[in-house]
Protein chains: 2
Amino acid sequence: MRDAYHEELDSISDGLVEMARLVGSAMGRATTALLDADLALAESVIAADDKVNALHHDLENRAIDLLARQQPVATDLRIVVTSLRMSADLERCGDLARHVAKVARLRFPETAVPNDLHPIVLEMGQLAQRLVSKAGQVIATKDVDAALELERDDDAIDALHRELFSHLLDDRWQHGIETAVDVTLVGRYYERFADHAVSVAKRVVFLVTGEHAGDFVAAAESASAE
Amino acid sequence: MRDAYHEELDSISDGLVEMARLVGSAMGRATTALLDADLALAESVIAADDKVNALHHDLENRAIDLLARQQPVATDLRIVVTSLRMSADLERCGDLARHVAKVARLRFPETAVPNDLHPIVLEMGQLAQRLVSKAGQVIATKDVDAALELERDDDAIDALHRELFSHLLDDRWQHGIETAVDVTLVGRYYERFADHAVSVAKRVVFLVTGEHAGDFVAAAESASAE
């Protein structure tokens, strides 16, 4: 029974890695759709989120089923509960990629982001994609050092977010209110996406380093709280 | 053992009701701080969020401990897993109330919200507070009919949110970019707060009406997804 149990646990982990891959790809494509005003690409990102949601619900059902059938305790229990949380984080990343794609669709055939802000938004999108890609690696490899890299990338996203705001609040802003609203929301979507990716990695770190449930929950929650 | 188990489950439920009360009060006070430019009140909301976070971590530890010690199955297992999710929803409501208070603090001694938008923002704040108050009642009473009321209130918040945007995007907007950014973010905070409150109520409904885990997860998640 223990072997079947650990096989099922591995399979849940594989599902989380696949979710990370899907939402990373979605955010990359959403960013391209946003900057290129590519309606077809935006629509495909919006439609593809259903697959992420289906994976999420499947993983949750399997995790709950595993709790019921195998009644794990101690570390094994914490791994399953943490998997539920990581699945919720990654599902939310999918929503945020879809939100970015919806802004692209709303403003088509215009681009929602003015040309002078393209480099910042492009870099935020690339960093967000890289963050969740690394989070997927951390789930697969349990590599704690790689997890710590995510914090640096997240700092870089926060710096870009501040730079975006400094443009918005500059007296020379010439793009009007609608664009300011779009840029404000898009900036927030990238920031939240990155927070959830960091939260996933932190949850793995605290499982691996064997902190008490309370501590790892606290650290992961504080990462996802802002 | 079963009695001790159900006592502990009741105590977790009481903790969730207390969290709902705290975050409802926080959002009410944050809204007052925002509209009155009351720095001391804003600071108190920001500081008080620590208590919500502490309650959240305490509830999570107790729920995980309960899973380990009592190894519930079927409905009992779903109640504990759902409690973990409701605690996360309410913790996030606390963050969002704190975010509103931080906008108030940032713009002090000015008010972040222009006078002509005060009625809309006041009503969003009142509805948000009422939603989470009803969600707390639903946790306490398991009253499915009351839970359905939350959907109507959430529709009212969404309508106010659209009205806020119509002001922002009106050519006659005269409040500048900084205020547009603040109003955009604040509107989003209220909307997300309401989504999490509705999600809490839906989770209770699906527990009570006895749907399969997958279905109640799906419904609750789709409520919290937008």
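The numbers here are math on the coordinates, done by the rules we state, and not lab data. All figures in this text were calculated on a predicted structure; none of them were measured in a lab. Backbone-built Cβ (ideal geometry, glycine too); neighbour counts: all protein chains shown.
Counts of other chain beta carbons within 10 angstrom of each beta carbon in peptide A:179-191 average 3. Shape of the protein assembly as shown from the C-alpha gyration tensor: oblate (a/c of 1.5 or more and a/b not above b/c, with a ≥ b ≥ c the square roots of its eigenvalues).
Helix A:176-208 and the longest principal axis of the Cα set of chain A meet at an angle near 20°.
The angle between the Cα long axis of helix B:2-36 and the longest principal axis of the Cα atoms of chain B comes to about 0 degrees, rounded to the nearest 10.
Separation of region B:1-58 from region A:143-173 is 30 Å, based on Cα centroids.
Within region B:63-170, the GluC sites (Glu not before Pro) that combine a DSSP coil assignment with at most 15 other C-beta atoms in a 10 angstrom radius are B:110. Once the Cβ-Cβ distance of residue A:172 and residue B:148 is raised to the sixth power relative to R0 = 41 Å, the FRET efficiency obtained is 0.25.
By definition, a body whose alpha carbon gyration tensor gives a ≥ b ≥ c is prolate when a/c is 1.5 or more and a/b is larger than b/c, and region A:1-96 fits this prolate description. Against chain A, whose longest principal axis is taken from its Cα atoms, helix A:74-107 shows a tilt of about 20°.
So, how do all the Cα-to-Cα distances of chain A break down into 5 Å bins, in percent, from 0 on up? Percent of Cα pairs in each bin: 1, 7, 15, 18, 18, 14, 10, 7, 5, 3, 1, 0, 0, 0.
Lysine pair count for region A:2-225 with Cα-Cα distance under 23 Å and sequence separation of 8 or more or different chains is 5. Ordering of A:56-69, B:66-79 by packing is A:56-69, B:66-79, highest average first (other Cβ atoms within 10 Å, averaged per residue).
Label point of residue A:163 set 7 angstrom out along Cα-Cβ; within region A:112-134, amide nitrogens under 20 Å from it belong to A:112-132.
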